[in-house]
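Visitor: Just passing along the structure, written as C-alpha cells.
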Amino acid sequence: ASTLVLATATLIEGCDTSVSPVTQPKQFDRRLAIPPLARSSVDSDGTRVFRLVAQEGRTELLPGLTTTTWGFNGSYLGPTLRARRGERVAIEVTNGLAEPTTVHWHGMHLPARMDGGPHQPVAPGSTWRPTWTIDQPAATLWYHPHPHGQTEKHVYRGLGGLFLLDDPSAEVEGLPSNYGVDDVPVIVQDKKFHRDGRLDDEDDGNEVGLLGSTVVVNGTYAPYHEVTTERVRLRLLNASTARTYAFGFDDDRSFLLVGTDGGLLAAPYETKRIRLSPGERAEIVVTMEPQSVVHLRSYEPDLGSVAAPFAFGGNDSFDVLELRAARVLAPSPPVPGVLARLPEPDVPPGGRVTRRFVLQDRQINGKRMDMERIDEVVPVGVPEVWEVRNDDLVPHNFHVHDVQFRVLTIDDQPPPPELAGRKDTIYLEPRRDYRIALKFEDYVDADFPLMYHCHLLLHEDEGLMGQFVVVSGDSTTRAVDPNDVAR
Ligand code: C2O
Ligand code: CU
C-alpha cells in the first residue's frame, strides 16, 4: 500500500491539477438541438445510400460568440444515420476539410475494409464509399473520425454523429420511439474556449487529455427539452474526448436502463446512476410528472482507485440537460419487462483466457501502436475470452472494433447489470481484471487490421492501441494456447 501512496503522490505532482471544474449554466434556456435524421436514397439494387461531407463551419456554441468548428453536412456534429437490420447500406464520405480524416462506424459489425480506421484516410476533396449489410440487433451506435494520431482533435472540433439501428424482427412494443420527441439523442461533450469563442484544443498536460469546463449536448449550450409524453427515452452518448460521467437526475429519481452500447438489455434495470466513459452509450427511460422540471445531472463518477479524480474529469456534479414537462402529458405505455433475448455468452472450453491485454503508460502489453505491426491474429467464429487490465492509476477504457462483447467477470465477480448486456467499450477501473467474451464472425481479412484501444482519445493517439486481423480458422498462424497469453 505504501508504494501505491508514493506512486500517487508522484502522479499528482507530475500532472496539471489546474483543470477547472465544469461550470453549470445559470439557466437552461436554449432549446436542445436534435440532430436531423440523415436523408438517404435507395439504389436500384436496394442499397440505402447516405452522404456525409466533413467540413469546417461556424457555430454559436456559446451565446453570442461564434466558434470555428467541424461537422458533417453542417458546422457541428452530423446527422443521425438510421438503418434496419438486413438492409445493405453505403455511405459516401466526402472530405471537405483541408487535411485527411477517416470515418469509423463505432460498434458496427462489418468487414474490416469498411471500418474506417486509421488505415483508411480520406484525402481532402476525395470520397470514400464503404458498403455493408447491417446484421446486428437494434442499437445506438455512432460514427466519428479515426485518423492516425489525430482522433482527439477531429472529434473535439465536432466530427461525430449517431448511427441508430432498428431490428424489425425484434421490435419492442412500449419503448418510446418518436425520434426527437420522446426518443431523444443526448450527445454529451465538454469543451474549453478562448475568450473570443475559439475552441481551445491544446492539451494542457493533464493525464487524460482535453477536459473542458463547458458542457454541450448535441452542440447546444444550456439546453432544455420539452417533454410531452409520460415517458421519455434518452439515448446517451459520451462523445467527450476524456471526461467520464455518472448520469442521474438532480432529484435523485431512478430511471430504467434499457440498453447499452450494442443493444437492449434482457430486461430493464432500475437504477439512479449510469457511468459512461468516452465512447460508451446508454439508453434510459425516465418517467415525468406534468409540469415538472428535472435535470439530467452528471454526478461525481466513481473512477475506481485513481489518485486524483478531479484531474481526470471526475470530481464534480453538474446539470447537463433540463427536461421540462408540459401541462398535459400524452400517456406512454409501460416499459415491458422483457426487452431482448440475450443468450449466454459463448466461451472457449473451461472459459479459459485466450489473450490478455495490460494497459499501461500508452502501451498495451508493453507495445505502442505501430501501423505496420499486427498484434493479434484471431480465428473467425471461435469464441474467445480476453482479459483486460488497466495497470495505471489513471483512467482508461477498452474498445474493440467489429464486435459486441459480453463482460464475464470483473476480478472474478459477475458484472453489475449495467455491464451485463452487449458492449463494445468498457471503463477499466485501475488494477482490476476484466474478462470479456467475444467472437468475430462472418468476415475474414488476413491483410486488413481492426483496432482495439483506449477510447480516451489522447491515449489512443499516443499509442494505447493495437491491431488484429481476423483469419479463417484453418489458416490461423498462431495456436491459441492458454499458457501463451501475452503479458
Ligand atoms: Cu470509437 Cu476505434 O473507436
Ligand atoms: Cu486511456
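Visitor: Work from the charge dipole of the range 349-484 (Cβ charges, +1 for Lys and Arg, -1 for Asp and Glu, about the Cα centre) and give the residue of L450, V469, P379 farthest towards its positive end.
Guide: The one lying farthest along the dipole's positive direction is P379.
Visitor: Ok, one more. Run the numbers on the range 349-484 and let me know its relative contact order in percent, using alpha-carbon pairs under 8 Å that are six or more apart.
Guide: 35 percent
Visitor: Using Cα pairs under 8 angstrom and six or more residues apart, how large is the relative contact order of the chain, in percent?
Guide: Averaging sequence separation for qualifying contacts and normalising by length gives 15 percent for the chain.
Visitor: In whole Hz, what ³J(HN,Hα) sequence does the range 242-253 give by Karplus (6.51, -1.76, 1.60; θ = phi - 60°), x for Gly and Pro?
Guide: 9, 7, 9, 10, 10, 7, x, 10, 5, 9, 6, 5
Visitor: Okay, next question. Indicate, rounded to the nearest 5 percent, the antiparallel portion of the DSSP beta bridges found entirely in the range 248-403.
Guide: Bridges in the range 248-403 that DSSP calls antiparallel: roughly 80 percent.
Visitor: log10 I(q)/I(0), Debye, Cα-only the chain, no solvent, q = 0.11, 0.12, 0.13 Å⁻¹?
Guide: Listed by q, the Debye log ratios stand at -0.89, -1.09, -1.31.
Visitor: Oh, and also: Can you tell me the mean projection area, over all orientations, of the convex hull of the range 220-266's alpha carbons? Units nm², please.
Guide: Over every viewing direction, the Cα hull of the range 220-266 projects on average to 5.0 nm².
Visitor: Peptides 67-78, 407-418: what's the order by average Cβ count within 10 Å, highest mean first?
Guide: Packing order, densest peptide first, comes out as 67-78, 407-418.
Visitor: Find which of F50, P168, G116 sits farthest along the positive direction of the dipole of the range 32-170, computed with +1 on the beta-carbon of Lys and Arg, -1 on that of Asp and Glu, about the Cα centre.
Guide: It is F50, whose Cα lies furthest towards the positive end.
Visitor: Please give the FRET efficiency for T287 paired with E372, using the beta carbon to beta carbon distance and R0 = 60 Å, rounded to the nearest 0.05.
Guide: The calculated FRET efficiency here is 0.70.
Visitor: Can you compute the equivalent ellipsoid semi-axes for the range 289-410, i.e. the square root of 5 times each eigenvalue of the Cα gyration tensor, sorted largest first and rounded to whole Å?
Guide: Output for the range 289-410: semi-axes of 38, 25, 13 Å.
Visitor: Checking the cross-link filter: which lysines have an alpha carbon closer than 24 Å to that of K153, excluding same-chain neighbours under 8 positions apart?
Guide: Cα-Cα hits under 24 Å: K191, K192, K367.
Visitor: Follow-up question, since we're still on this one. Under the 0.36 nm per residue contour assumption, what length would be gained going from the current alpha-carbon distance of R324 and V181 to full extension?
Guide: 50.3 nm
Visitor: Which value, in debye to the nearest 20, gives the size of the charge dipole of the chain about its Cα centre, when Lys and Arg are +1 and Asp and Glu are -1 at the Cβ?
Guide: 800 debye
Visitor: Another question about this same structure. Per Stokes-Einstein, at 37 °C and 0.692 mPa s, what whole-number D in µm² s⁻¹ belongs to the range 88-172, with the Kirkwood radius over Cα pairs as the hydrodynamic radius?
Guide: Stokes-Einstein gives a translational diffusion coefficient of 243 µm²/s.
Visitor: What ranking do 177-184, 365-372 get when scored by the average of other Cβ atoms within 10 Å per residue, highest first?
Guide: For the peptides 177-184, 365-372, the packing ranking is 177-184, 365-372.
Visitor: When the convex hull of the C-alpha atoms of the range 349-484 is computed, what volume per residue in Å³ does it have?
Guide: Residue-normalised Cα hull volume stands at 109 Å³.
Visitor: In addition: Give the cross-link partners of K439 among the lysines, using a straight C-alpha distance below 17 Å as the criterion and excluding same-chain residues fewer than 8 apart.
Guide: K423
Visitor: Can I ask one more? Would you mind calculating the relative contact order of the range 32-170 from Cα pairs under 8 angstrom and at least 6 residues apart, reporting the percent as a whole number?
Guide: Contact order relative to length: 26 percent.
Visitor: So, one more: To the nearest 0.05, what FRET efficiency results for D29 and T271 with a Förster distance of 45 Å applied to their C-beta separation?
Guide: Rounded to the nearest 0.05, the efficiency is 0.95.
Visitor: Listed highest first by mean packing, meaning other Cβ atoms within 10 Å per residue, what order do 139-150, 294-305 come in?
Guide: So the order, starting with the most tightly packed, is 139-150, 294-305.
Visitor: Same structure, new question: Need one number for the range 220-378: average projected area of the convex hull over its C-alpha atoms, nm².
Guide: Result: a mean projected hull area of 13.1 nm².
Visitor: Hey, if you put +1 on the Cβ of every Lys and Arg and -1 on every Asp and Glu Cβ in the range 349-484, which of M369, P414, V353 ends up farthest toward the positive end of that dipole?
Guide: Farthest towards the positive pole: P414.
Visitor: Please list, ordered by chain and number, the residues whose modelled amide H lies under 5 Å from the amide H of T260; skip anything fewer than 5 residues away on the same chain.
Guide: Residues meeting the amide H criterion: L265, E283, R422.
Visitor: Additional query: At a temperature of 25 °C and a viscosity of 0.890 mPa s, determine how fast the range 32-170 diffuses translationally according to Stokes-Einstein, using the Kirkwood radius over alpha-carbon pairs as Rh; express D in µm²/s, rounded to the nearest whole number.
Guide: It diffuses with D of about 160 µm²/s by this estimate.
Visitor: Still on this structure: Within the range 349-484, what percent of beta bridges assigned by DSSP are antiparallel, to the nearest 5?
Guide: 75 percent
Visitor: Can you list the HN-Hα couplings for the range 380-392, worked out from phi with the Karplus curve (6.51, -1.76, 1.60; θ = phi - 60°), rounded to whole Hz and with x for Gly and Pro?
Guide: Going residue by residue, I get 5, x, 10, x, 10, 10, 9, 9, 10, 9, 9, 8, 8 Hz, with x marking Gly and Pro.
Visitor: Using a Förster radius of 41 Å, what is the FRET efficiency between D250 and V172 based on their Cβ-Cβ separation? Nearest 0.05, please.
Guide: Using R0 = 41 Å, I get an efficiency of 0.90.
Visitor: About its Cα centre, how strong a charge dipole does the range 349-484 have in debye, to the nearest 20, once Lys and Arg get +1 and Asp and Glu get -1 at the Cβ?
Guide: The dipole magnitude comes to about 360 debye.
Visitor: To continue, here is another question. Would you calculate the separation in nanometres between label points at L62 and E226, each defined as 7 Å from the Cα along the Cα-to-beta-carbon direction?
Guide: 2.9 nm
Each reported figure results from applying straightforward, stated rules to the coordinates on display, with no laboratory input. Here the structure is a predicted model, which is why all the values come from computation and not from measurement. Quick reminder, even Gly has a Cβ in these numbers, built from the backbone with ideal geometry, and neighbours come from all protein chains shown.
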